[in-house]
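Enquirer: Mind looking over this structure? Questions follow.
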Amino acid sequence: MSKLILFAAFIACILLMSFNYDKKKKVIFFGDSITQIGAQPGGYIRLMDSLLKQEGAENKYELIGAGIGGNKVYDLYLRMEEDVISKSPDIVVIYIGVNDVWHKSSFGTGTDYDKFGKFYEAIVKKLRAAGSKVILCTPAVIGEKKDFSNQQDGDMNQYSSWIRQFAAKESLPLVDLRTLFHEYELQNNPDNKESGILTRDRVHLNAAGNLLVAEAMWKAIKSL
């Protein structure tokens with residue numbers, strides 16, 4: 001009887017090891033309407049599914065969108081427990097900041113610079129305490145003019161700079177979309193257009209923008 005018990009325990013251990021080995025890493029993309037749309041066909045999250053397949057990694061990751069239109073950093077903080085932590089993600093990609101800047105002038109409901117940083121730090125602290133690895137992203141654009149003449153470029157640069165400094169201080173991976181988009185615009189926007197290069201409306205991504213974001217985020221995810 002004891003040999004049967006030992007054999008059964010051995011088989012159970014093998015099965016458990018196999019399950020753990022084959023378990024997909026759960027990646028949640030936490031953000032606003034850009035992320036909400038990113039989970040739809042043609043969006044950057046769905047494009048990442050294709051990149052995974054190309055590299056034979058489709059059985060290693062599960063990609064989940066958790067974006068809600070109009071969200072700012074404090075909205076993420078308030079819904080983090082229910083929409084992210086309760087799902088026990090291995091990796092969380094935070095992509096927020098556009099509305100914190102944009103809504104200051106358009107609706108008067110944005111987020112002041114000092115409050116933005118405090119909420120952002122609190123989100124990252126809770127996610128890490130819950131056992132998730134965290135990837136940060138700078139907000140990309142509100143207007144695509146390459147000479148920083150868009151109305152909100154000053155605030156966008158300031159908020160993005162804070163995220164870069166915070167990522168460096170906390171040794172967190174960073175997808176610097178602000179820089180990537182600017183570099184792309186310098187090469188591909190000769191007429192200094194405010195939309196139509198990487199966005200369809202100055203903010204939300206077109207096909208080229210979704211692909212650029214997908215490739216940059218996938219590179220960061222697979223490095224963890």
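Enquirer: Extending each Cα 7 Å along its Cβ direction at R46 and R200, get the distance between those two points in nm, one decimal.
Expert: 1.1
Enquirer: Sticking with this structure for a sec: Ignoring ligands, DNA and RNA, what percent of the 1.4 Å accessible area of the chain is carbon and sulfur?
Expert: Here carbon and sulfur together make up 56 percent of the probe-accessible area.
Enquirer: Using only Cα atoms, locate the centre of the stretch 19-74 and the centre of the stretch 143-207, then give the distance between them in Å, rounded to an integer.
Expert: 21
Enquirer: Around E62, which amide H atoms from residues at least 5 apart in sequence, or from another chain, sit under 5 Å from its own amide H, with H modelled in the peptide plane?
Expert: The list, which skips near neighbours in sequence, is K25, K26, V27.
Enquirer: Can you tell me the orientation of helix 153-170 relative to the chain, as the angle in degrees between its alpha-carbon axis and the longest Cα principal axis, to the nearest 10?
Expert: Value to nearest ten degrees: 30.
Enquirer: Calculate, for F166 and T109, the FRET efficiency according to 1/(1 + (r/R0)^6) with r their C-beta to C-beta distance and R0 30 Å; round to the nearest 0.05.
Expert: 0.80
Enquirer: With 31 Å as the limit, write out which pairs from K60/K146; K53/K118; K26/K72; K72/K133; K53/K87 have Cα-Cα distances beyond it, or answer none.
Expert: Cα-Cα > 31 Å for K60/K146; K53/K118; rest within.
Enquirer: Can you pull the accessible area of K115 for me, 1.4 Å probe, Å² to the nearest 10?
Expert: 100
Enquirer: Continuing with this model, one more query. Kindly report the accessible area of the chain per residue (heavy atoms of protein chains, probe 1.4 Å, no ligands, DNA or RNA), in Å².
Expert: Value for the chain: 51 Å² per residue.
Enquirer: Which residues in the stretch 72-93 place their backbone N less than 13 Å from a point set 7 Å from the Cα of S33 along the Cα-to-Cβ direction?
Expert: Those under the cut-off are 72.
Enquirer: Further, regarding this structure: Can you give me the relative contact order of the chain as a percent, contacts being Cα pairs under 8 Å and 6 or more apart?
Expert: Numbers: 338 pairs, mean separation 44.0, N = 224.
Reported as a whole number, the value is 20 percent.
Enquirer: Also: Calculate, for E183 and L224, the FRET efficiency according to 1/(1 + (r/R0)^6) with r their C-beta to C-beta distance and R0 22 Å; round to the nearest 0.05.
Expert: So the FRET efficiency works out to roughly 0.40.
Enquirer: I'd like the orientation of helix 2-22 relative to the chain: the angle between its Cα long axis and the longest Cα principal axis, in ° from 0 to 90, rounded to 10.
Expert: Its long axis makes an angle of about 10 degrees.
Enquirer: Oh, and also: Where does helix 113-129 land angle-wise versus the long Cα axis of the chain, in degrees 0 to 90, nearest 10?
Expert: On a 0 to 90 degree scale, this one is about 10.
Enquirer: Label the stretch 112-159 by shape, choosing from rounded, prolate and oblate, from the square roots a ≥ b ≥ c of the eigenvalues of the Cα gyration tensor; if a/c is under 1.5 it is rounded, and otherwise prolate applies when a/b is larger than b/c, oblate when it is not. Write out the running numbers ahead of the final one.
Expert: Numbers: a/c = 5.33, a/b = 2.22, b/c = 2.40.
The shape class here is oblate.
Enquirer: Checking the a/c ratio against 1.5 first, then a/b against b/c, what shape does the Cα gyration tensor give for the stretch 141-224?
Expert: oblate
The values are calculated or read from the model by the stated rules, or taken from the named source; none is laboratory data. None of the values given here were measured: they were computed from a predicted structure. Note that we place each Cβ from the backbone using ideal geometry, even for glycine, and neighbour counts take in every protein chain shown. Remember, those area values only see protein heavy atoms, side chains included, never the ligands or the DNA or RNA. Shrake-Rupley method; radii C 1.70, N 1.55, O 1.52, S 1.80 Å.
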